[in-house]
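Read-outs throughout are calculated quantities, based only on the coordinates presented, and are distinct from any laboratory measurement. All figures in this text were calculated on a predicted structure; none of them were measured in a lab. Virtual Cβ from ideal backbone geometry, glycine too; neighbours counted across all protein chains shown.
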Amino acid sequence: MFLSNYVNKIDKKGRVSVPASFRSHLNSMGYNGFISYPSFNHPALEACSQDRIEKLSNTIDTLNPFEEKRDFFATSILSESENLQFDTEGRVSISQKLLSHSKIKDNILFVGLGKTFQIWEPKNFEKFKIFARKKAFQNRSNLKWDNKQKGELK
C-alpha cells in the first residue's frame, strides 16, 4: 500500500526522487514507474500503477460508446495520463503540463492513499488536509468495520 506522505525537492529539469517505500511497492508489483494524470477535484496529480489505470479504462469501456460521458472520462483521464518511469536514481521527470495543473514549483508532496497516491504542492495539501479532517469527523459514522473481513482483529 501507499501510506504516509513525503516531501521532496524538484530539480530544474522537473525531476523528483520518488519515496523509497512507493518505489518498492511499485517494484513489487512488477512496475518501474507509475501513471499520473491531473486530478478532477484538486490542484493535484493522481498517481497509480499500470493495472489501476487499466481498471479505470475498463470501467470507462463499460459506458455506452456513443455517450458523451464516455468521451469526457476517456479524454480527462486517459488522454491526460503520463507514464512516468524511474531513472537509475529512483527519480521521475514530471511534465510542465502536470506541474502547472498542480501548481508545483519547488517541492513536491507525495501523499499515500492506499492503492493510489497523489502528488501535491505542500501548502495546498495542508489546506486541503484541514478541510478533509473536518469532513472525515462529520462523516465518521459512515466508516464501519465489517466483521466478516479477512484479517479481523479480535
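Checking the conditions here, which among 85, 50, 96 is surrounded by 13 or more Cβ atoms within 10 Å (Cβ to Cβ) and touching a Gly at 6+ places or on another chain (Cβ under 9 Å)? First the steps, then the outcome.
Numbers: 85 fails: surrounded by 13 or more Cβ atoms within 10 Å (Cβ to Cβ); 96 fails: surrounded by 13 or more Cβ atoms within 10 Å (Cβ to Cβ).
Being surrounded by 13 or more Cβ atoms within 10 Å (Cβ to Cβ) and touching a Gly at 6+ places or on another chain (Cβ under 9 Å) holds for just one of 85, 50, 96, which is 50.
Could you run through the range 26-43 and say how many residues are more than 16 Å from residue 85 (Cβ to Cβ) and either out of contact with any Lys or Arg (no Cβ under 9 Å at 6 or more places or on another chain) or of a type in the set (Asp, Glu) (or both)? It would help to see each step written out before you state the result.
If we filter the range 26-43 for residues that are more than 16 Å from residue 85 (Cβ to Cβ), which is where we start, we get 28, 38-43.
If we keep only those that are either out of contact with any Lys or Arg (no Cβ under 9 Å at 6 or more places or on another chain) or of a type in the set (Asp, Glu) (or both) too, we end up with 28, 39-42.
Selection size over the range 26-43: 5.
Among the residues of the range 9-47, count how many are closer than 13 Å to residue 108 by Cβ, small (Gly, Ala, Ser) and surrounded by fewer than 19 Cβ atoms within 10 Å (Cβ to Cβ).
Result for the range 9-47: 1.
Please verify whether the range 48-65 includes one or more residues that are farther than 19 Å from residue 13 by Cβ, touching a residue at least 60 places away in the same chain (Cβ under 8 Å) and not hydroxyl-bearing (Ser, Thr, Tyr).
Looking through the range 48-65, at least one residue is farther than 19 Å from residue 13 by Cβ, touching a residue at least 60 places away in the same chain (Cβ under 8 Å) and not hydroxyl-bearing (Ser, Thr, Tyr).
Is the range 114-137 home to any residue that is in contact (Cβ under 8 Å) with a residue 60 or more places away in the chain, farther than 29 Å from residue 12 by Cβ, surrounded by fewer than 15 Cβ atoms within 10 Å (Cβ to Cβ) and not hydroxyl-bearing (Ser, Thr, Tyr)? First the steps, then the outcome.
Our first condition is that a residue be in contact (Cβ under 8 Å) with a residue 60 or more places away in the chain; within the range 114-137, this holds for 114-122, 124-125, 128.
Subsequent filtering for residues that are farther than 29 Å from residue 12 by Cβ retains 114-115.
Keeping just the survivors that are surrounded by fewer than 15 Cβ atoms within 10 Å (Cβ to Cβ) gives 114-115.
Still in the list and also not hydroxyl-bearing (Ser, Thr, Tyr): 114-115.
There is at least one residue in the range 114-137 that is in contact (Cβ under 8 Å) with a residue 60 or more places away in the chain, farther than 29 Å from residue 12 by Cβ, surrounded by fewer than 15 Cβ atoms within 10 Å (Cβ to Cβ) and not hydroxyl-bearing (Ser, Thr, Tyr).
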